[in-house]
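The values are calculated or read from the model by the stated rules, or taken from the named source; none is laboratory data. As the structure is a computational prediction, the values presented were derived from the model and not from experiment. Cβ placement follows ideal geometry from the backbone for every residue including glycine, while neighbour counts extend to all protein chains displayed.
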Amino acid sequence: MVGREFQLNGNTYSVFVDPVGFALGIMKNGSETERVSLDNLTYMQTVEPWKKWLSEAGFKDELDLSLHYDLPDNDLYKFDAFSKPDDAIINLWAKNRTIANSAFENLNKSVGVPSDINIWPHHFDTGTYHELYKTDGATDRSIGAGFNPADAMVSEPYYYIYGWYKDKEIDYSDKPEQENGKWIVSDWKGAVLPISEVKDQSTVDDFYKNTSTYLKDKLK
């Protein structure tokens, strides 16, 4: 997983995390230059090589490590040190994220509005955001979608999609039945597909094709 690129002294850098190798590293001008194993490291111990890499690259300012988001307050996010998961877990994670990435590439084509495919650091969800319409340069109608870890809404990893309309509530009274997944119309409004219902890539593609077609029509 490669982070956004940034420029420093004429070179292009990006941070990466290698889940299979369980490592943190940095790329310079498209090539890996540094990596460190995350196994048995505390969070602060991962910061030290990061500071060293930046210093060697010529970064001289104070490093701001404050987060612009809050991590969930539960035991899954509280630990003394990173511990490499079993290979079976890593392989399953890689399989699910690969399906998700392919699904969002296909969703980009289906919606017809391109979107980067990102992994958001505050939810760890692979997601897209399609800005359908703008007024004076500001987005007023959009579709968001993602693959999310289990949370309070769904007790297992799940795919989701929702629509957003700046000026009015979307009327879901005519929402179509889903062969897989379901619509949720409560505080959060959209459709979800729990991973236990995913047979293969086509299950996810069909879910997004049907739901995005409906949402695009509601957002015209």
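Tabulated results
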item: Number of positions in region 76-96 that are closer than 25 Å to THR42 by Cβ, among the charged types (D, E, K, R) and free of Cβ contacts under 8 Å to residues at least 24 places away in the same chain; result: 3
item: Selection from region 18-36 of residues that are surrounded by 15 or more Cβ atoms within 10 Å (Cβ to Cβ) and either free of Cβ contacts under 8 Å to residues at least 60 places away in the same chain or in a strand (DSSP E or B) (or both); result: ASP18, ALA23, LEU24, GLY25, ILE26, MET27, LYS28, GLU34, ARG35, VAL36
item: Search result, residues across region 147-186 that are surrounded by fewer than 16 Cβ atoms within 10 Å (Cβ to Cβ), among the charged types (D, E, K, R) and either modelled with pLDDT of 95 or more or over 15 Å from the mean Cα position of the chain (by Cα) (or both); result: GLU156, LYS166, ASP167, LYS168, GLU169, ASP171, ASP174, GLU177, GLU179, LYS182
item: Any hit, region 184-206, residues being assigned to a helix (DSSP H, G or I), among the small types (Gly, Ala, Ser) and either outside the structural domain of LEU92 (by TED's automatic domain parsing) or free of Cβ contacts under 8 Å to residues at least 40 places away in the same chain (or both); result: yes
item: The listed residue being loosely packed, with under 13 Cβ neighbours inside 10 Å, touching a helix residue (DSSP H, G or I) at 6+ places or on another chain (Cβ under 9 Å) and either farther than 30 Å from GLN201 by Cα or in the same structural domain as GLU131 (by TED's automatic domain parsing) (or both), out of GLY58, GLY112; result: GLY112
item: Set LYS134, LYS78: member being modelled with pLDDT of 90 or more and more than 21 Å from ALA191 (Cβ to Cβ); result: LYS134
item: Filter pass, LYS216 being surrounded by fewer than 18 Cβ atoms within 10 Å (Cβ to Cβ) and out of contact with any His (no Cβ under 6 Å at 6 or more places or on another chain); result: no
item: Criterion violated by ILE99 - all others in (1) touching a residue at least 12 places away in the same chain (Cβ under 8 Å); (2) more than 29 Å from THR42 (Cα to Cα); (3) over 16 Å from the mean Cα position of the chain (by Cα) satisfied; result: (3)
item: Selection within region 1-16 - among the β-branched types (Val, Ile, Thr) and out of contact with any helix residue (DSSP H, G or I) (no Cβ under 8 Å at 6 or more places or on another chain); result: VAL2, THR12
